[in-house]
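*Asks:* Quick one: the structure is below, and I'll ask about it shortly.
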Amino acid sequence: MAMTAKRITQVTDSALAPLFKSLHSLRTMWQRAPKWARATGYLFVIVLAVLAPAQSIGNFMAPQSDWRTILFYPIGSYILLALGLNVVVGLAGMLDLGYVAFFAIGGYSMAVLGVNYHWSFWEILPVGIAAAALSGVLLGAPTLRLRGDYLAIVTLGFGEIIQRVANNLTITGGPTGISGIPHPPSVGTLSVLSYGVLDARPYYYLELAMIVLVIFFTTRLEKSRVGRGWVALREDEDAAELMGVPTFTFKIWAFAIGASVGGLSGVVYAAKVIAITPENYPLLLSVLILVCVVLGGSGNRIGVILGAFLVAWLPERFRGLANYRILIFGAILVAMMVFRPGGIIPAARRKAELLEGRGGGAHLGGEVDIEQPGSTPEV
């Protein structure tokens, strides 16, 4: 059986080798391109994103759904959430299974302050971000001395606690939730800046602007001392601490920044949907966002964005297949993890770790043991 599985893997790797080689070549060209060429590429991608709500595109991308609504949620929201979780999982190497809690905190901040205290969207936005970041610090302070599976269990419990609390508090509306959440104020008479109920384009463009800001912010962080500390943490926490890296402080920073992005996404989401309940924030959402990060390429922003897009878009594209679409989607995810464990576009360091047999995930309980030439395989 083991030899058969190994043979299948070898055959599949041979079949997909040209595709993976092309991806690697494109990535190498991109890394060696001059700054003006890369800036042009970024501008081209932004233009494509701005044109994405066009109905002609929607007729192909989601023929059986409202394409503009899907662009906002799940696609835009998944991308924003995945970028935030990538800071925690991809850069700092900590497994967080309760990330949906920060999304919920942002959403309920928007709902409670907007409905009960009549604050405007732009007043609530920084409060929602701060509330989520503070929650990340409060969660991290007593628990971030744990590692691997133990940390995952604690974060999983935190996500469940937040949902249960929202389900039982009066201020959150209990099981019925909160309705009548105000929209962001419209700007002028332009339809793309008029926030209402039916047209999802203004919310998509607002979310797109948030995504660009988060990418810029996290890119700057990754290249800073804090980002280098996160990479050291992910590689070997003990070695990093011996070299003078304040590991606990940097873990808190990672949790707080990742949580703040989750809160940001939660505020924007609640402002669009008008009404939220605890059922909007299930554990499955945390798992799906983690899938986005791992599938796209943990630690690689471009890979994470691509992974989030595919996880959000594929089930909608094949909605006509009813329940079979989930079966097919799951089979694709399993196949990807078997034949492309580093993700669609793995980070360069992550790829090196996989070749060394460490899997880049000893902290995550995801070691991969690569058989070396001449070694005797275990039975």
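*Asks:* Sort through GLY296, GLY359 and tell me the only one that's modelled with pLDDT of 90 or more and more than 24 Å from GLY106 (Cα to Cα).
*Replies:* GLY296
*Asks:* Only one of (1) touching a residue at least 24 places away in the same chain (Cβ under 8 Å); (2) farther than 30 Å from LYS223 by Cβ is not met by LEU327, so which one is it?
*Replies:* Going through the list (1) touching a residue at least 24 places away in the same chain (Cβ under 8 Å); (2) farther than 30 Å from LYS223 by Cβ, LEU327 breaks only (1).
The rows are residues; the columns are (1) modelled with pLDDT of 95 or more; (2) of a type in the set (A, V, I, L, M, F, W, C); (3) within 19 Å of the chain's Cα centre (by Cα); (4) under 23 Å from LEU151 (Cβ atoms).
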| position | (1), (2), (3), (4) |
| --- | --- |
| PHE44 | no, yes, no, no |
| TRP67 | no, yes, no, no |
| SER77 | yes, no, yes, no |
| MET94 | no, yes, yes, yes |
| TYR99 | yes, no, yes, yes |
| MET110 | yes, yes, no, no |
| LEU113 | yes, yes, no, no |
| GLY128 | yes, no, yes, no |
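*Asks:* For segment 46-89, give me every one of the helices (runs of 4 or more DSSP H) that falls completely inside it and has 1 or more residues that are among the β-branched types (Val, Ile, Thr), more than 29 Å from GLY227 (Cβ to Cβ) and in contact with an Asp or Glu (Cβ under 7 Å, 6 or more places away or on another chain).
*Replies:* In segment 46-89, the matching helices (runs of 4 or more DSSP H) lie at 67-70.
*Asks:* Determine which single condition ARG164 fails, assuming it passes every other condition in (1) modelled with pLDDT of 90 or more; (2) within 23 Å of PHE121 (Cα to Cα); (3) of a type outside the set (Val, Ile, Thr).
*Replies:* ARG164 satisfies all of (1) modelled with pLDDT of 90 or more; (2) within 23 Å of PHE121 (Cα to Cα); (3) of a type outside the set (Val, Ile, Thr) except (2).
Yes/no per residue for (1) under 19 Å from ALA130 (Cα atoms); (2) out of contact with any His (no Cβ under 7 Å at 6 or more places or on another chain); (3) aliphatic (A, V, I, L, M); (4) open to solvent by less than 20 Å² (accessible area, probe 1.4 Å):
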| position | (1), (2), (3), (4) |
| --- | --- |
| LEU213 | yes, yes, yes, no |
| ARG220 | no, yes, no, no |
| ASP236 | no, yes, no, no |
| GLU241 | no, yes, no, no |
| PRO246 | no, yes, no, no |
| ALA256 | yes, yes, yes, yes |
| ASN280 | no, yes, no, no |
| LEU290 | no, yes, yes, no |
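*Asks:* While we're looking at this one, here's another question. Any residue in segment 50-77 that's of a type in the set (Lys, Arg): show its pairings with residues that are open to solvent by 20 Å² or more (accessible area, probe 1.4 Å) at Cβ separation under 6 Å, as long as the two are six or more apart or on different chains.
*Replies:* ARG68/ARG201
*Asks:* For segment 148-178, what are the residues that are surrounded by fewer than 17 Cβ atoms within 10 Å (Cβ to Cβ), touching a residue at least 40 places away in the same chain (Cβ under 8 Å) and not in a helix (DSSP H, G or I)?
*Replies:* ILE171
*Asks:* Applying the selection to segment 41-56, what residues are over 19 Å from ILE305 (Cα atoms) and either of a type in the set (Ser, Thr, Tyr) or open to solvent by less than 100 Å² (accessible area, probe 1.4 Å) (or both)?
*Replies:* Listed by number, the residues that qualify are ALA54, SER56.
*Asks:* Working only within segment 255-298, note down all residues that are among the small types (Gly, Ala, Ser) and in a helix (DSSP H, G or I).
*Replies:* Across segment 255-298, the qualifying residues are ALA256, GLY258, ALA259, SER260, GLY262, GLY263, SER265, GLY266, ALA270, ALA271, SER286, GLY296.
*Asks:* Would you confirm whether or not segment 313-326 contains a residue that is at pLDDT 90 or above and open to solvent by less than 40 Å² (accessible area, probe 1.4 Å)?
*Replies:* Within segment 313-326, one or more residues are at pLDDT 90 or above and open to solvent by less than 40 Å² (accessible area, probe 1.4 Å).
*Asks:* Somewhere in segment 14-21, is a residue surrounded by 10 or more Cβ atoms within 10 Å (Cβ to Cβ) and modelled with pLDDT of 70 or more?
*Replies:* Among the residues of segment 14-21, not one is surrounded by 10 or more Cβ atoms within 10 Å (Cβ to Cβ) and modelled with pLDDT of 70 or more, which makes the answer no.
*Asks:* Could you list all residues from segment 90-138 that are crowded, with 24+ Cβ neighbours inside 10 Å and either β-branched (Val, Ile, Thr) or outside any helix (DSSP H, G or I) (or both)?
*Replies:* Passing the criteria: ALA92, GLY93, MET94, ASP96, TYR99, VAL100, ILE105, ILE124.
The values are calculated or read from the model by the stated rules, or taken from the named source; none is laboratory data. On a predicted model such as this, the values are computed, not experimentally measured, just so you know. As a convention, Cβ positions derive from the backbone with ideal geometry for all residues, glycine included, and neighbour counts pool all protein chains shown. Keep in mind that these areas ignore ligands, DNA and RNA; they rest on the heavy atoms of the full protein, side chains included. Shrake-Rupley method; radii C 1.70, N 1.55, O 1.52, S 1.80 Å.
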